[in-house]
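Contents: one structure, followed by commentary.
The values are calculated or read from the model by the stated rules, or taken from the named source; none is laboratory data. Note that the structure is a prediction, hence the values are computed from the model and not measured. Please note: Cβ atoms are built from the backbone with ideal geometry, for glycine as well, and neighbour counts cover all protein chains shown. For the accessible areas, the whole protein counts, side chains as well, though only heavy atoms, and no ligand, DNA or RNA atoms are used. Shrake-Rupley method; radii C 1.70, N 1.55, O 1.52, S 1.80 Å.
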Amino acid sequence: MFIFALIGCAFYFFIANSIEKGMDQATRLVRTGQAVTQKMTVEQFRKTICTGAGSWIDCNKLKVVASPTDDWSKVKDPIQCLGNTQNQDQIMKATDLIAIYTGTASQVVMVTTCYQWDFTAKLPFIKLGNAPDGSTVIQTATAFRSEPYPSN
């Protein structure tokens, strides 16, 4: 039982680190202005995160929320993936340009991902997940200031 718990913990940190890696790669496109010049949509941004994270991530279970502000002192806490009464699909529409949600050059941007990991829901007799269905919601967030890229 102890060995299975260790394996489960290792999987959890592997998945969380994979999502962080994908988010680092995708947010770099926002930070440098490439997402703006390429007219990247929210869906393309989400898929870029999934591609960077690896094929073991089910992209259909990944939600992304981004919000810009002018100053570090105005950065709000990341959204809460659990218990959030707002529908995240209404916040960021897949066909919208990501630039609508990430602001302009030199702004501070907060990007949050929520991933529903089903591993814990499949464990018999033990409910370790934090979601109502027994799965675990893995949340990652990053904040950065966009570079002063030229606007188009």
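Values as computed for the structure displayed
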item	result
Given (1) buried (at least 16 other Cβ atoms within 10 Å of the Cβ); (2) free of Cβ contacts under 8 Å to residues at least 40 places away in the same chain, index of the condition Ala99 fails	(2)
Enumeration of residues in region 47-65 that are modelled with pLDDT of 95 or more and crowded, with 20+ Cβ neighbours inside 10 Å	Thr48, Ile49, Cys50, Ala53
Region 77-95, subset touching a strand residue (DSSP E or B) at 6+ places or on another chain (Cβ under 7 Å) and open to solvent by 60 Å² or more (accessible area, probe 1.4 Å), residue modelled with the highest pLDDT	Thr95
Verdict on Gln44 being of a type outside the set (Asp, Glu), open to solvent by 80 Å² or more (accessible area, probe 1.4 Å) and at pLDDT 95 or above	yes
Looking only at region 105-125, and only at residues there that are in contact with a Gly (Cβ under 9 Å, 6 or more places away or on another chain), open to solvent by 40 Å² or more (accessible area, probe 1.4 Å) and modelled with pLDDT under 80, the one that is nearest to Gly22 (Cα to Cα)	Lys122
